[in-house]
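A short reminder: the numbers here are calculations on the coordinates, not readings from a lab. On a predicted model such as this, the values are computed, not experimentally measured, just so you know. Virtual Cβ from ideal backbone geometry, glycine too; neighbours counted across all protein chains shown.
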Amino acid sequence: MNDKMIPTFQLSDVPGNFALCLNNGCPLAGRCLHHIVRTMVPSKELILHVFNPEAVKGGENCPYFRELKLDRYAKGFTQMQEEMKPGQYTLFSGSLMAYWGRNPYYVRRRGEYLLSPTEQEHVRKVLRQVGVADDLEFDGYVYRINWTD
């Protein structure tokens, strides 16, 4: 994966609740998803989900800056079970089911729902908690724009 590759997307790829930034003067505007998406919205749209311009000043320390880049999402973690003792796996799966719920756990485990970098870190945290090395690999990986973290 080339980190210098600029990802492309269409307006239809953007989640409906994704906040837009109206700060044209922000020095990060050209690299920020919140501003880039705003420039793609047709002028005929009457209602927009935007950050309050009085509250979001932008700049280097903007807490809402989201870079236009691809993140590595994990696709499933069924193989991790093979590296655990039965008791460890019981604690591991139980902890993740308590966090996500039973059905969402299995959907993620099978790779039907991609795990964001934040969710991957949570899985690694649970691995450490149950005494398993956190360097286990997920079943696969794909690269996507991260709209939520």
Inset, instruction - Search the structure for amide H atoms under 5 Å from the amide H of ASP71, placed 1.01 Å from N in the peptide plane, and list their residues when 5 or more places away or on another chain. - result: ARG144, ILE145, ASN146
Legend entry - Set of aspartates and glutamates near LYS75 by C-alpha distance (under 13 Å), chain-local residues within fewer than 8 positions excluded: GLU112, GLU119, GLU137, ASP139
Legend entry - Where labels lie 7 Å past Cα in the beta-carbon direction, separation of SER12 and GLU54 in nm: 3.9
Inset, instruction - Set the Förster distance to 35 Å, then compute FRET efficiency between VAL41 and VAL142 from the Cβ-Cβ distance, nearest 0.05. - result: 0.85
Legend entry - region 70-145: C-alpha gyration tensor shape, a/c 1.5 cut-off, then a/b vs b/c: prolate
Inset, instruction - Obtain the nm distance between the two label points defined at GLU67 and GLU83 by a simple spin-label model: each point lies 7 Å from its Cα along the Cα-to-C-beta direction. - result: 2.6
Legend entry - region 1-68 shape via C-alpha gyration tensor axes, a/c threshold 1.5: oblate
Legend entry - Viscosity 0.890 mPa s, temperature 25 °C, Stokes-Einstein D of the chain from Kirkwood C-alpha radius, µm²/s: 139
Legend entry - Among GLY59, HIS35, GLY131 - extreme Cα towards positive end, dipole of the chain, charges at beta-carbon: HIS35
